[in-house]
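None of the figures in this text is laboratory data; all of them are computed from the coordinates on show. These numbers were taken from a predicted model, which means no experiment stands behind them. Glycine also receives a Cβ, built like all others from the backbone with ideal geometry; neighbour counts cover every protein chain displayed.
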Amino acid sequence: MQTLPGFRDFPPDSCAARNYIFARWCEVARRYGFVEWEGPVLEPTELYKKKSGVEIVDQLFHFKDKGEREVAMRPELTPTLARVVAAHEREFKKPLKWFSIGQFFRYEKQQRGRLREHFQLNCDIIGEADLAGDVELVALCIDVLRAFGFSEKDFVIRISDREFWTDFFREKNVPPDRWDELLQVIDKSGREPRERTAEKLGDLADLVFATLKSGGKSKKLDKLVAGLRERGLADFVSIDVGIVRGLAYYTGIVFELFDRAGKFRAIAGGGRYDNLISLLSDGAVSLPALGFAMGDVVLGELINETSHAHEAMEKAIANDHEIDIYIVIAKEERRADALRHIQQLRDRGYRVDYPLTPTKVARQFQTAEELGARVALLFGDEWPQVKLKNMATAQQELVPQDRVLAHLQAQVSLSS
Ligand code: HAM
């Protein structure tokens with residue numbers, strides 16, 4: 001039996017890599033004053049039909065539950081967030097700065113960097129209309145990547161503004177009911193043959209291509225970059241009006257994060273969605289909102305391919321796996337004494353391991369080394385003394401059994 005296509009098992013090494021990513025995500029979000037929240041993984045299918053856009057609705061894992069409800073595994077978090085905020089809006093002081101780490105499901109065509117389940121960090125600011133919110137959010141996105149050891153040489157955030165295009169359509173007298181569809185065409189233009197895009201754009205094709213080539217001008221985007229420059233972060237971004245994002249709810253600034261070499265799919269994406277909360281609450285609550293999500297799949301690939309980032313991860317994982325103390329049971333008559341000590345050491349927070357069944361002493365020391373133990377405690381002929389071996393220096397000393405705890409407390413600090 002294998003996993004379903006696009007799903008992953010996480011044996012300990014992969015799980016450690018995943019947790020390494022989660023820990024950095026969480027740490028940087030907190031550094032920016034974001035608080036953690038979570039929503040359900042199963043939602044009414046209707047939630048996504050309202051405004052996520054056709055692409056994501058086509059990719060839903062959806063079914064009828066036993067109560068005949070149309071339900072879907074969440075493909076993203078933003079509609080859930082909008083629903084939660086609309087329902088509980090009065091309970092929270094604005095602006096809300098919320099983050100969440102969770103698993104998402106999309107029935108995508110499998111390709112490099114795109115699976116059928118993935119994890120995302122979502123960071124959203126609710127209740128702030130000022131551009132200061134956009135600057136803060138992009139800065140956070142940059143700093144998350146920097147926490148993995150990446151610099152402006154490794155990645156870039158391409159920033160755009162949907163209003164740039166809606167102004168453009170208005171100027172060219174394009175009826176508003178075509179805007180969404182045209183935005184999707186522009187979004188795909190970088191990944192599709194030019195003729196296909198031209199066909200879909202019709203009369204507008206030449207103008208759109210010319211605008212994409214020249215880059216377009218936007219005061220709002222210039223101001224955003226200036227805000228990042230003040231923080232010394234301008235080298236991490238570039239203006240690119242070709243970014244419009246596939247999701248239908250965005251209303252203003254949008255951005256996507258890519259590796260500099262352009263080898264991978266997007267690592268993160270987000271933007272402003274000032275109308276979504278109002279739309280999902282039938283106008284009861286209206287709040288400006290903006291956010292981004294970063295996936296674990298492409299980020300993991302980029303870490304694996306970038307030697308300094310990979311080394312930092314390996315080091316952190318090795319530290320995390322190591323135990324503090326290995327108990328060597330040299331005489332089986334001492335097993336009960338050893339287990340009493342093991343219990344006491346674990347109660348004090350030490351990471352302790354030992355052989356579950358009788359094992360040769362040399363093999364036990366080998367295991368102690370493999371597990372990264374800093375100290376080995378040998379229970380054997382020396383009883384009622386215990387032999388304490390410092391694994392780094394190989395120095396040994398005899399400690400009376402009732403002094404072992406105090407001795408270790410002075411010598412071995414707890415693993416963090
Ligand atoms: P999104 O661009 O659809 O945005 O996804 C964000 C990130 O999730 C992508 O850049 C990518 O790294 C990862 N991702 C998406 N689909 C897959 C997949 N099939 N396999 C692997 N990774 C994937 C959103 O989801 C928005 N809700 C973000 C947002 C939050 N906007 C405002 N707030």
**Study point:** Per DSSP, loop GluC sites (Glu not before Pro) in region 42-135 with at most 12 further Cβ within 10 Å
**Key:** Glu68
Exercise for review: Would you mind checking the pairs Lys66/Lys109; Lys200/Lys220; Lys109/Lys213; Lys64/Lys109; Lys172/Lys217 and listing those with alpha carbons more than 18 angstrom apart?
Suggested key: Lys66/Lys109; Lys200/Lys220; Lys109/Lys213; Lys64/Lys109
Review point. Can you give the charge dipole size of region 257-416 about its Cα centre, rounded to the nearest 20 debye, using +1 on the beta carbon of Lys and Arg and -1 on the beta carbon of Asp and Glu?
Key: 280 debye
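How big is the antiparallel share of DSSP beta bridges in region 323-411, given as a percent to the nearest 5?
Taking every DSSP beta bridge with both residues in region 323-411, the antiparallel ones total about 55 percent.
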Check your understanding: Over region 323-411, what is the mean sequence separation of C-alpha contacts under 8 Å (at least six apart), divided by residue count, expressed as relative contact order in percent?
Key -> 30 percent
Exercise for review: Post the alpha-carbon centroid distance, region 307-321 to region 64-89, in whole angstrom.
Suggested key: 37 Å
Revision key, fill the gap. Ranking Ala147, Gln396, Gly39 by how far each Cα lies towards the positive end of the charge dipole of the chain (+1 on Lys and Arg Cβ, -1 on Asp and Glu Cβ), the top one is Gln396
Review point. Out of every Cα-Cα pair in the chain, what percent are more than 32 Å apart?
Key: 49 percent
Check your understanding: Kirkwood Rh, region 323-411, all Cα pairs: how many Å?
Key -> 12.7 Å
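In debye to the nearest 20, how big a dipole does region 323-411 give about its Cα centre with +1 on each Lys and Arg Cβ and -1 on each Asp and Glu Cβ? Show your work: numbers first, answer last.
Working: 13 positive and 12 negative charges, 19 e Å.
So the dipole magnitude of region 323-411 works out to roughly 100 debye.
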Review point. Does anyone have the angle between helix 12-31 and the longest principal axis of the chain? Alpha-carbon axes, 0 to 90°, nearest 10?
Key: 60 degrees
**Study point:** Folded to 0 to 90 degrees: helix 335-347 orientation relative to the chain principal axis, Cα
**Key:** 40 degrees
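Return the percentage of antiparallel bridges among DSSP beta bridges fully within the chain, rounded to the nearest 5 %.
The antiparallel proportion sits near 80 percent.
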Review point. Could you give the distance between the Cα centres of region 236-282 and region 335-383, to the whole Å?
Key: 53 Å
Check your understanding: Which whole-number percentage describes the relative contact order of the chain, with Cα contacts under 8 Å and a sequence gap of 6 or more?
Key -> 15 percent
Point to revise | Debye, to nearest 20: dipole size of the chain, +1 on Lys, Arg Cβ, -1 on Asp, Glu Cβ | key: 140 debye
Practice item. Would you work out which of Cys15, Val156, Leu212 lies farthest towards the positive end of the dipole of the chain, given +1 charges on the beta-carbon of Lys and Arg and -1 on that of Asp and Glu, about the Cα centre? Key: Cys15
Review point. Cα axis of helix 307-321 to longest principal axis of the chain: angle in degrees, 0 to 90, nearest 10?
Key: 40 degrees
